[in-house]
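The values are calculated or read from the model by the stated rules, or taken from the named source; none is laboratory data. This one's a predicted model, so the numbers in the text were calculated from it and none came from an experiment. Backbone-built Cβ (ideal geometry, glycine too); neighbour counts: all protein chains shown. The area values use the complete protein model at the heavy-atom level, side chains included, leaving out ligands, DNA and RNA. Shrake-Rupley method; radii C 1.70, N 1.55, O 1.52, S 1.80 Å.
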Amino acid sequence: MAKKIIVIGAGIIGASLAYHLAKSGAHVIVVDGSSTSGGLATANSWAWINASWGNSPDYVKLRMRAMEHWRTLSGVHSDLAVNWCGGLLWDLPSDELQTYIAHHQQIGYSIRRVDGDDALLIEPTLKHAPSVAAYAECEGCIEPVAAARGFLSAAQTMGAEVVLNSTVTGLIKSGGRVTGVKTEASEIYADEIVLAAGAATLGLLAPLGIDLRMESPAGLLVHSKPTDKILNGLVMAPELHVRQTAEGRLVAGSDFGGTQPGDHPAATASVLFKKAQEFLNGAEHVEMDFFTLGFRPTPADGMPAIGRPSGVDGLYVAVTHSGVTLAPIIGLLGAYEVLNDERDPLLKPFHPDRLRFRHDALTG
């Protein structure tokens, strides 16, 4: 009999887990409180797919493996096609940038040093070319909500159920095991619960006596109205990261995580958008359309938290800031662990117990 799994969260992490679980033969039910799939963090992501911004060898390995799996998925599902547009970066002091390039070249990452003329060949609309930059031609981006929906659509073709407009209000426990979820309308039981709820993770874990050290900082991104092509790829300059979406919108933040909104987000957005207009030739008359304010689920050490917390049966946690890059590999390796009780070595450094879960209050 197929193992019944409830996935809490229809963002890109939950959607990828649902897809990989369904593909492996599980009976999957995805539950999310939003009216459309995509989640809160996913919908407000800058959506950079890369392995160049990891700060430990283990994390870089995981991200590089995630990029490989993105390429595999892109060849199978058109909804998951990544735009491998390349990333041009000079958001570091000169000496740190040189070290950054050398380090990633040593581990086999496709990155090279470019001068100002080369930078303008890559991105001709830059008003002020950097004297030196790093160019990673292997990097890309994806439209994050479309990708999450693509994962869910593929999962549904394999029998998964997607229940939207159904906020999970709590986890059901019996003895030392989580056996189901409570929603505003009903209770749903399963063999295992996969918690991929982003910023809502802490609130669902707290009644179990589990204390996961994480934050959910706000990040503001500005979005232009659709316009003609201005950028070829991702650009990461000091105090401004900007890309152009498939429909032609410029999306910008002070960095890839977004901008601190301050007390007046609309005013912050206006200042940020003006900076983007002044940064690119052809953007002067592009109009701002809206800004988004997302809350990025971030474990305390910045690394993913993936796995079963010790002392709690029936519960698997998947929470990370770099959801767009990591979604496919978390889905692949997480689904395998849930269904086979075997943990891939790539996930070993990222067990949630390192963040000092507390499970002493779990009772029947």
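Just want the answer: with Cβ charges of +1 for Lys and Arg and -1 for Asp and Glu, which residue in Ala154, Leu121, Ser52 is farthest toward the dipole's positive end in the range 1-158? Among Ala154, Leu121, Ser52, the one farthest towards the positive end of the dipole of the range 1-158 is Ala154. Taking a quarter of the surface of the Cα convex hull of the range 10-155 gives a mean projected area of 10.4 nm².
Secondary-structure-derived ellipticity at 222 nm for the chain, considering helices only, amounts to -9000 deg cm²/dmol, per-run term -39500 (n - 2.57) for DSSP H runs with n ≥ 4. Solvent-accessible surface of the chain, taken per residue with a 1.4 Å probe and all protein chains present: 42 Å². Against the main long axis of the alpha-carbon atoms of the chain, helix 265-279 sits at an angle near 40°. When DSSP beta bridges are restricted to pairs lying wholly in the chain, around 70% turn out antiparallel.
Label-to-label distance, Gln156 versus Asp228, with points set 7 angstrom from Cα along the beta-carbon direction: 3.8 nm. Legend: calculated FRET efficiency, Thr72 to Arg113, from the Cβ-Cβ distance at R0 = 25 Å, rounded to 0.05, equals 0.25.
Distance from the Cα centroid of the range 284-340 to that of the range 156-191 is 19 Å (rounded to whole angstrom). In the range 276-299, whose amide N lies under 15 Å from the spot 7 Å out along Cα-to-Cβ of Glu239? List them in ranges. 276-280, by backbone N distance to the label point. Relative contact order of the range 150-243, taken over Cα pairs closer than 8 Å and 6 or more residues apart, is 12 percent.
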